[in-house]
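Comments concern the structure below.
The values are calculated or read from the model by the stated rules, or taken from the named source; none is laboratory data. This one's a predicted model, so the numbers in the text were calculated from it and none came from an experiment. When we count neighbours, we look across all protein chains shown, and the Cβ atoms used for this are built from the backbone with ideal geometry, even at glycine. Just the protein is used for accessible areas: all its heavy atoms, side chains included, with ligands, DNA and RNA removed. Shrake-Rupley method; radii C 1.70, N 1.55, O 1.52, S 1.80 Å.
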Amino acid sequence: MTIIRPAVPSDQAALYRICLLTADAGADASAAGRDASLFGHLYAGPYLALQPDFAWVLEDADGPCGYVLATPDSADFYARMERDWLPPLRAQYAAQAGDPRDAALLAQLNQPWALAPALRDWPAHLHIDLLPRAQGQGMGAKLLQTALTALTNAGVTAVHLGVDPRNQRALDWYGRFGFHPLFRQPGCIWLGRRV
């Protein structure tokens, strides 16, 4: 039996693992020598710590196999990341040279996080990641609906998300749920949907 439940602090390791195993345009980004926590530090941990009321886990008999993480106010969320989440991580990684494959993530860690002006009309955002064993069963749609319902109940009128342009499967999937392209940046297509 597969269930969707609210995420709890003890889910952090599982969320980090799912994030890593789906971070390469939907595929496994783990590799010997890479820091296995960096993706989670940037794209999973902040939601569990700063926005726990908008974090859900998909769990089957083998444990967590997916999640949806959201925030109704991206500008506020990034401000709290800058104030409460990123400073200790920046200090932790300041003296580490790291694997060259992590250079882009370390650059993201150290850049200011803020809502892009082009996304101001789409104030909420979300992330969904599912391990392969949870895909193709309609559970992604249920996770998405869980987050959209909560965001709607919070008064949100529009939501955005970013997708790696190499992940055509995800782009097609989001399109089926009313997300449409807003603009592109290197390595990311921003999609939006009115809720």
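The set of residues in segment 89-115 that are part of a helix (DSSP H, G or I) and not small (Gly, Ala, Ser) comprises Leu89, Arg90, Gln92, Tyr93, Pro100, Arg101, Asp102, Leu105, Leu106, Gln108, Leu109, Asn110.
Considering segment 158-195 alone, what residues qualify as being part of a helix (DSSP H, G or I) and within 16 Å of Ala25 (Cα to Cα)? Let's see the steps before the verdict.
First, the residues of segment 158-195 that are part of a helix (DSSP H, G or I): 168-176.
Scanning segment 158-195 gives Gln168, Arg169, Ala170, Leu171, Asp172, Trp173, Tyr174.
Within segment 70-84, the residues that satisfy the criterion of being free of Cβ contacts under 8 Å to residues at least 60 places away in the same chain and open to solvent by less than 10 Å² (accessible area, probe 1.4 Å) are Thr71, Phe77, Met81.
In segment 7-35, the qualifying residues are those that are more than 26 Å from Leu171 (Cα to Cα) and open to solvent by 70 Å² or more (accessible area, probe 1.4 Å), and the one that is nearest to the chain's Cα centre (by Cα) is Gln12.
Residues in segment 147-165 that are of a type in the set (Ser, Thr, Tyr) and either touching a residue at least 24 places away in the same chain (Cβ under 8 Å) or closer than 19 Å to Thr22 by Cα (or both): Thr152, Thr157. Considered as a group, the residues in segment 84-105 that are of a type in the set (A, V, I, L, M) and out of contact with any helix residue (DSSP H, G or I) (no Cβ under 6 Å at 6 or more places or on another chain) include one that is farthest from Gly33 (Cα to Cα), and that residue is Leu86.
This table checks each residue for (1) open to solvent by 60 Å² or more (accessible area, probe 1.4 Å); (2) touching a Leu at 6+ places or on another chain (Cβ under 9 Å).
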position	(1), (2)
His125	no, yes
Ala141	no, no
Asn153	yes, no
Val156	no, yes
Asn167	no, no
Arg176	yes, no
Ile189	no, yes
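Please state which of the following conditions Gly140 fails to meet, knowing it meets all the rest: (1) over 17 Å from Arg120 (Cβ atoms); (2) free of Cβ contacts under 8 Å to residues at least 60 places away in the same chain. Gly140 satisfies all of (1) over 17 Å from Arg120 (Cβ atoms); (2) free of Cβ contacts under 8 Å to residues at least 60 places away in the same chain except (2).
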